[in-house]
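Inspection log for the structure reproduced underneath, given as structure tokens.
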Amino acid sequence: MSLDDAACPACHGQMRAHWEERPHGRLMVVASTPVVEAFGGGVETRYVCLECGHTLLHSTGRFGRGWH
């Protein structure tokens, strides 16, 4: 984990990745929650990076799909 507040290059790339991209190798699942939406649902999965400590969220729902 770095001492400054900057995300590592892998996390920067992950935030710009297509929603179907798999998480990079240093991301660890912290929580996964089903999401109910009006016309279907999805799953929101929270990851923490073991390299830089940043938290990323991956959504598969219809309205919030992607990496955040």
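Results, tabulated for the structure shown:
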read-out	value
Chymotrypsin sites (Phe, Trp or Tyr not before Pro) within the chain, DSSP loop, no more than 15 other Cβ atoms inside 10 Å	W19, F39, F63
Within the accessible area of the chain (1.4 Å probe), percent carbon and sulfur	56
Exposure ranking of S59, S32 by accessible area [1.4 Å probe, largest first]	S32, S59
For the chain, calculated [θ]222 nm from helices alone, where every DSSP H run of n ≥ 4 adds -39500 (n - 2.57)	-2500 deg cm²/dmol
Loop-resident sites, the chain, for GluC sites (Glu not before Pro), counting at most 15 other Cβ within 10 Å (DSSP)	E20, E21
25 °C / 0.890 mPa s Stokes-Einstein diffusion coefficient of the chain, Kirkwood radius on C-alpha pairs, µm²/s	197
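The values are calculated or read from the model by the stated rules, or taken from the named source; none is laboratory data. All values reported here derive from a predicted model rather than from experimental measurement. Using ideal geometry, Cβ is built from the backbone for each residue, glycine included, and neighbour counts are taken over all protein chains shown. To get the accessible areas, we keep the full protein, side chains included, count just its heavy atoms, and leave off ligands, DNA and RNA. Shrake-Rupley method; radii C 1.70, N 1.55, O 1.52, S 1.80 Å.
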